[in-house]
1. May I ask you to say which residue of 45, 104, 116 is open to solvent by less than 30 Å² (accessible area, probe 1.4 Å), among the acidic types (Asp, Glu) and modelled with pLDDT under 95?
2. Using the structure shown, decide if residue 370 is buried (at least 19 other Cβ atoms within 10 Å of the Cβ) and in contact with a helix residue (DSSP H, G or I) (Cβ under 6 Å, 6 or more places away or on another chain).
3. Could you tell me how many of the residues in the stretch 476-533 are within 20 Å of residue 17 (Cβ to Cβ), part of a helix (DSSP H, G or I), more than 30 Å from the chain's Cα centre (by Cα) and hydroxyl-bearing (Ser, Thr, Tyr)?
4. In this structure, is residue 332 surrounded by 15 or more Cβ atoms within 10 Å (Cβ to Cβ), basic (Lys, Arg) and touching a strand residue (DSSP E or B) at 6+ places or on another chain (Cβ under 8 Å)?
5. Of these, 338, 348, which one is touching a Leu at 6+ places or on another chain (Cβ under 6 Å), closer than 30 Å to residue 8 by Cα and modelled with pLDDT of 95 or more?
6. For the stretch 1-89, list the strands (runs of 3 or more DSSP E) that sit wholly inside it and hold at least 3 residues that are under 19 Å from residue 440 (Cβ atoms); which are they?
7. Residues of the stretch 310-329 being in contact with a Pro (Cβ under 9 Å, 6 or more places away or on another chain) and among the aliphatic types (A, V, I, L, M), which ones?
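The values are calculated or read from the model by the stated rules, or taken from the named source; none is laboratory data. Keep in mind that what you see is a predicted model, and the values were worked out from it rather than measured. In this analysis, Cβ positions are derived from the backbone assuming ideal geometry, glycine residues included, and neighbour counts consider all displayed protein chains. We work out accessible area using only protein heavy atoms, side chains counted, and drop any ligands, DNA or RNA first. Shrake-Rupley method; radii C 1.70, N 1.55, O 1.52, S 1.80 Å.
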Amino acid sequence: MAAACSSASIVEYFGGEDGYRCGYCKSETGNLSYGMWAHSMTVQDYQDLIDRGWRRSGKYVYKPIMNQTCCPQYTIRCQALHFQTSKSHKKVLKKMLKFISKGDVSKAGGGEEPMDAHIEEVVACDFPYQGEAHAAPSELNPLSQWITHSMDHTEKVENEDEDPGGTKEAVNVPEVGSSSPQISAAEGTAVPGGASHSAKAGHAPPKPGQGADLSKPPCRKAKDIRKERKLQKLLQNQMCKAEGSQLQAGDQLSLLQNSKSKANQPKSIEEFIFASLPEDAQHKLEVRVVRSSPPSSQFKATFQESYQVYKRYQMVVHKDPPDKPTINQFTRFLCDSPLEAESAPDGPECGYGSFHQQYWLDGKIIAVGVIDILPYCVSSVYLYYDPDYSFLSLGVYSALREIAFTRQLHEKAPELCFYYMGFYIHSCPKMRYKGQYRPSDLLCPETYIWTPIEQCLPLLERSKYCRFNQDAKAVDAGGLQELGRVRVLHKRTVMPYSVYKRRRKGPSDEASVRQYASLVGQACSERMLLFRS
């Protein structure tokens, strides 16, 4: 669990916004969401928010209005510790190994792109930044300079109510070809390293009658079946011998089961990623973890190179005009983050917060995965890459590296064991590839309970909007219970909503505050500060 930080989350809620263009079905006004601007946010608050269907794009945090939006977006997480590589995943990992070791540039299977990126950029570049002007900088910045000094006054204000509410820099991640996942420090700091990106650049949509069937177990290799049959024949021959040192029946069964276990045990992603390479390997790949907010010195030093990769990616993959992917857009969308940098004795060495994972090939950046490291997960935000290397299926490869990274962080931070892939959109065939990262769960949009995706798919085939929790009596256990305990920031003073309500002049804003508290949940509404002018 992340240590408590000295500052608090400050958010400015906008309510349900008018429909805007959908990046998936292309509806001009069908995409509907709730939104708020996060001036600052603790990693625990953001963890709790994404577990209630929220997601950030830069400093804008939004939640699709699931029963109204044209393409319902379900939060999806992969159980990283139990991840099973599929046949197509192994092909991508082997392709990278062949390229690194032999320079093989086979183009087969390349060209995947992070389809999830379309809508997030629409959100990031259209509406949210208008919200910054709602609050004067003098009202909010820097909170850390006055919030801790005003706590005595805050407590006095809260007590008026009868029911008071109560940096590390850069890291080199193990290179492809390392014999073991050792971590080498950069700039004198060792940090768990690992991978990149949001499963955003996923597989091409499966053709009818093809692709992974999530309701069935992975296919077994023919050679494994042959090994098993050979062993069974050997055991049968031994049992038929009249003399000699026969195996006891129990030993025979144990040997057979052990052999089956070894034969059927799939290779882990680490065995592919950290496989030994020949001394004369053609290329060198390393992944560096650099803190993006607040920016580390290495992040600043590589900013221009990273931006140029993003610009080429947007122009080639998303067909943006040369003047559109500006440095300002790049910064707001992929570098700015409301998350406070935090650390804890039982947390990852790199700390919690927002990071860029830079993929360096032979001394130059070829891809960047934008991620958030939170108390219970690694959350992918975006991936962009040099289009010249699309043949390496970098979207899939980086997602697998991020899963490996999550497992690596888990060794130091036991509670951190999930990999959040953003949104799963069943109504958009190109977005279904995320379901191939197994085992994974989808978040029920009504009760916020995680449900295995295998149980969700039949429901989604019948209706694009579904309640996954089949217990009809189940409700949102973390929902709003006491509106008066919602924390408000008003005129540079923190107070519960019950006190603010008595002091406020003008028309009532109770409906808006109630909606906000219902969406973020009681726990977050009591920790975060809702800015009211």
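1. Within the list 45, 104, 116, the selection yields 116.
2. Answer is yes for this residue.
3. 0
4. In short, no.
5. So the residue among 338, 348 that is touching a Leu at 6+ places or on another chain (Cβ under 6 Å), closer than 30 Å to residue 8 by Cα and modelled with pLDDT of 95 or more is 348.
6. The qualifying strands (runs of 3 or more DSSP E) are 74-79.
7. Once the filter is applied, which keeps residues that are in contact with a Pro (Cβ under 9 Å, 6 or more places away or on another chain) and among the aliphatic types (A, V, I, L, M), the stretch 310-329 yields 315, 316, 317.
A quick yes/no check of all residues on (1) within 13 Å of the chain's Cα centre (by Cα); (2) of a type outside the set (Phe, Trp, Tyr); (3) at pLDDT below 95:
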| site | (1), (2), (3) |
| --- | --- |
| 355 | yes, no, no |
| 367 | no, yes, no |
| 371 | yes, yes, no |
| 379 | yes, yes, no |
| 386 | no, yes, no |
| 418 | yes, no, no |
